[in-house]
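A short write-up of the structure that comes next.
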């Protein structure tokens, strides 16, 4: 049984996408993928927990990476292992419009087949959909407690301790393990993969020879469970509008106006 | 023929690009302005194994081969020539000499910490009377029991001001000269008799150490002879070839940056009622530049493949260095011209890249020497030994 | 055709060389490294009459013809391009604009102090959105009784930080106009100085005009007719910049040639190597060609007729030669060419400016092409 499971996904690099308003659609000029920034932070959190000590009494601390969506290849998982996950499982299978509800069912089945886990970490939000459903849905499917949108997380002695940001400050939240925790992007600085490990993972050699497994989605759940909840009916873009206000006057006057606006904003 | 990079090299490039943009690019202007070596960045590169990118994993390296090394130099060259130069001197001539010619003990003792970035390396060959004419060195090494005593000095040594380990070339038999009379020694810079005399004030690559070294009765144990006594030049020549190829890669990175800057500016800047991108003179510059970059890219990675496939590559490595440095210079000159005044002010990175690029046509063997090497090799293939 | 300088011009050249060798050459490295405007040198130059080089004696000038003036610029640039550019800005762009277009009163008021070096002139034309496309000026000149109110921002104003007098171009109701604005006029602020790759002792500043009032009497030339002044000034400057390019290129060849005879590698001076010979020979050919082009253009200025086309040709060629020669001669010096304690790196950085200041090379291509194609009745728009 792994100690920590991390769910990792990918997103199209936004700098390779252009929105053409006249055509009313997005054009992908350069198809390159990034790891979801929040998922990278989740992996970083997992690795730090592992390095700090075992979250629960177990023979050895292990971090396993799983995909958060169904992917055409295992590159995301190789990156996760290169960065420090002990192993990863690629889920093979193509399901049209696979959404978070579907993935929660599939991943719950994976966790069960692994014999459970102490902790599941994943990103609190995704760069493309802006949604944070996967963590909570998986927690529900597993029947575990969930702590979402955390800044900081630690795990030891069978408990997970997290810090969330509230309206007036920071709040510490605790739960018994096993639990699902979702991590905000931008707080933890994700580490770079170790070079030699990266080379070995991609070549599938030496200590990395068995780091990746492949499981078929069809073996995990019934066809009924593979129906997505969400139906995509089209896309629309917000109308173009100018935000803000034009400032005029002498440079001194304009500086005054801007300073006042900033002061107002801070007060609010 | 398969012109794709292997998956591990694609992943490696992606990782290095992120590192370069996050850790290196933000400090590039500062290290130039303040004339500082980016020790923090070098340390971080070492921590993830990049300072041993092409060395075998059993010696602390990454095992990514020459292709991996070229990718590293290209991506670093794209954001900061100074950083690329520090790294290139450390890996490509400093540690490389030990990798190519070191004994098992020497590799365990020196190559491992160098590959892990725990220590930094340099290569000490050039002297004031021995620039292009490297065989004209005068630093002397005299045997005394189980040590050698070195006396003399070196100039223009990249990383010389801070390296822990320097491979120094010294004359062990003046009568024999370059053929049999020069030996390579692994010198630790904290030994008595080793001194850094001064740092050069350079037009560019100001984020590097270019030092004058002095050796006064510097005692080097015999076990630190690299390769065989008298065969230092053979070792040196092999290191040089490797270093040349990767300089071409760094030039490629710099040229690529120049192209990206030029395109971005040309599509933004409007004069005479339209973007510069709509001006044919600019279009021609961009098209010519892009073509040269593609040609250089193909050359560099083909030669990297040949190195990893253990094929002879001396002449081609010289071409990479010569062509890469010249394309790099032409590229940034075009970028400067397109940017106009903004290319001439120190508030933009263009003029720094312009100053940085210029050295590539001179160090690591001037492009005149590269042309001699290429011509010699060509004529030799036709059975003629030319006098340069 | 007599291709020799007159006896008087030869004498001037000799005098310029003595001055430059004594006053400019020894300071060139220091003023570049410290980015100090060469005020001492300018003072001494003023006492030699150089700051009023081409101005008539009535206005305290030295009454040099443009050929002799070009010799002066070339000679100064040979030792320090920054000094040459500072002087050329002052004389060709500012003082000669007043000489050519000013009223008698304006000439009497402004030329003597400029000639004496009591005030340095600066030329304020370029704006953030008006670089090559200088006609796209946004600075405004609004008449108000017997004053004109100037509003706008000017960038890359050469001599900005040391100027006592600014020649400012702005859009008036009838077109572009030129104004003489003393440095202490309320509403004129000298701002940021650009840190540059080369020409490091020439201060290039941004200046701000905010409700800057000048008397109508400070307008140069007719209302709305300022653009011609700007063009004439730039044409004169083009010849001067080409002369500066000639000076720096000639100096580069001399330094490299001397080095090549002294630097021994492979048992012989590198001058014995054919590649080095080619570099130096080719550079010399380019310098010679530029020399004749520069002095021909200067001679045309003295003839009093049209010289705009030739100015474009010579600026274009001068920039090209200066850049290519300093680059190639740097290569001859090898590592020494890259070190800032040798002069070549500085010459390389300085020469690079010629591709941009006074207008980029591409713009000069368009001007030359315009003239050529107009002979076939085809009008080119840039």
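Distance between the modelled labels on residue C:3 and residue A:224, one decimal in nanometres: 10.1 nm (7 Å Cα→Cβ projection). Counted by neighbouring Cβ atoms within 10 Å, the residues B:210, B:85, B:22 run from fewest to most as B:22, B:210, B:85.
Here the scattering of the protein assembly as shown is modelled by Debye summation over its C-alpha atoms, one equal scatterer each and no solvent; at q = 0.04, 0.10 Å⁻¹ the log10 of I(q)/I(0) is -0.27, -1.23. Working from Cα positions, state the angle (0 to 90°, nearest 10) between the long axis of helix A:100-114 and the longest principal axis of chain A. Long axis of A:100-114 versus the principal axis of chain A: about 30 degrees.
Based on alpha carbons, the Rg and Dmax found for the stretch A:4-226 are 17.4, 60 Å. Any chance you could check the Cα centroid distance between the stretch B:131-203 and the stretch B:247-304 for me, in angstrom? For the stretch B:131-203 versus the stretch B:247-304, the Cα centre distance is 41 Å. Translational diffusion coefficient of the stretch B:234-381 (Stokes-Einstein, Kirkwood radius from Cα pairs, 37 °C, 0.692 mPa s): 203 µm²/s.
Annotation: the residues B:307, B:112, A:266, C:294, sorted from fewest to most other C-beta atoms within 10 Å of their own C-beta, follow the order A:266, B:112, B:307, C:294.
Here the contact order of chain C, divided by its residue count and restricted to Cα pairs under 8 Å and six or more residues apart, works out to 16 percent. Global size of the stretch A:51-160: 14.2, 41 Å for Rg and Dmax (C-alpha atoms, Rg to one decimal, Dmax whole). Inter-label distance, residue C:289 to residue A:113: 7.5 nm, where each label sits 7 Å from its Cα along the C-beta direction. Counting other Cβ atoms within 10 Å as a rough exposure proxy, the listed residues C:374, B:329, A:248 run A:248, C:374, B:329 from fewest neighbours to most. Taken over the stretch A:162-268, the convex hull of the Cα atoms encloses 335 Å³ per residue. Projected onto planes of every orientation and averaged, the convex hull of the alpha-carbon atoms in the stretch C:227-374 covers 9.7 nm².
The ellipsoid that matches the Cα gyration tensor of chain B has semi-axes, each √(5λ) in whole angstrom, of 36, 22, 21, with the longest given first.
Out of every Cα pair in the stretch C:121-223, what percent are spaced more than 23 Å from each other? Summing the P(r) tail past 23 Å for the stretch C:121-223 gives 20 percent. Note: relative contact order over chain B, using C-alpha pairs below 8 Å and six or more positions apart, is 16 percent. Alpha-carbon geometry of the stretch B:128-209: the Rg and the Dmax are 13.8, 45 Å, given in that order. Computed from the Cβ-Cβ distance with R0 of 41 Å, the FRET efficiency linking residue B:291 to residue C:262 stands at 0.50.
Computed over the alpha-carbon atoms, the stretch C:1-113 gives an Rg to Rh ratio of 0.99, Rh here being the Kirkwood radius from the mean inverse distance.
Per the Kirkwood formula applied to alpha carbons, the stretch A:91-141 shows a radius of gyration over Rh ratio, Rg over Rh, of 0.97. For the Cα trace of the stretch B:1-139, dividing Rg by the Kirkwood Rh returns an Rg/Rh value of 1.01.
For chain C, count all C-alpha to C-alpha pairs, find those more than 41 Å apart, and express that count as a whole percent of the total. The proportion of pairs with Cα distances above 41 Å equals 12 percent. The Stokes-Einstein estimate for the stretch B:161-280, based on a Kirkwood radius over Cα pairs and taken at 20 °C with 1.002 mPa s viscosity, is a diffusion coefficient of 116 µm²/s. Here the scattering of the stretch B:1-43 is modelled by Debye summation over its C-alpha atoms, one equal scatterer each and no solvent; at q = 0.33 Å⁻¹ the log10 of I(q)/I(0) is -1.09. Which percentage, to the nearest 5, of the DSSP beta bridges contained in chain A is antiparallel? Once the DSSP bridges in chain A are tallied, antiparallel ones form about 45 percent. Taking all Cα pairs closer than 8 Å and separated by 6 or more residues, the relative contact order of the stretch C:227-374 comes to 32 percent.
Taken together, the values in this text are just the output of simple stated rules run on the coordinates, not laboratory data. Nothing here was measured: the structure is a model prediction, and the numbers come from that model. Quick reminder, even Gly has a Cβ in these numbers, built from the backbone with ideal geometry, and neighbours come from all protein chains shown.
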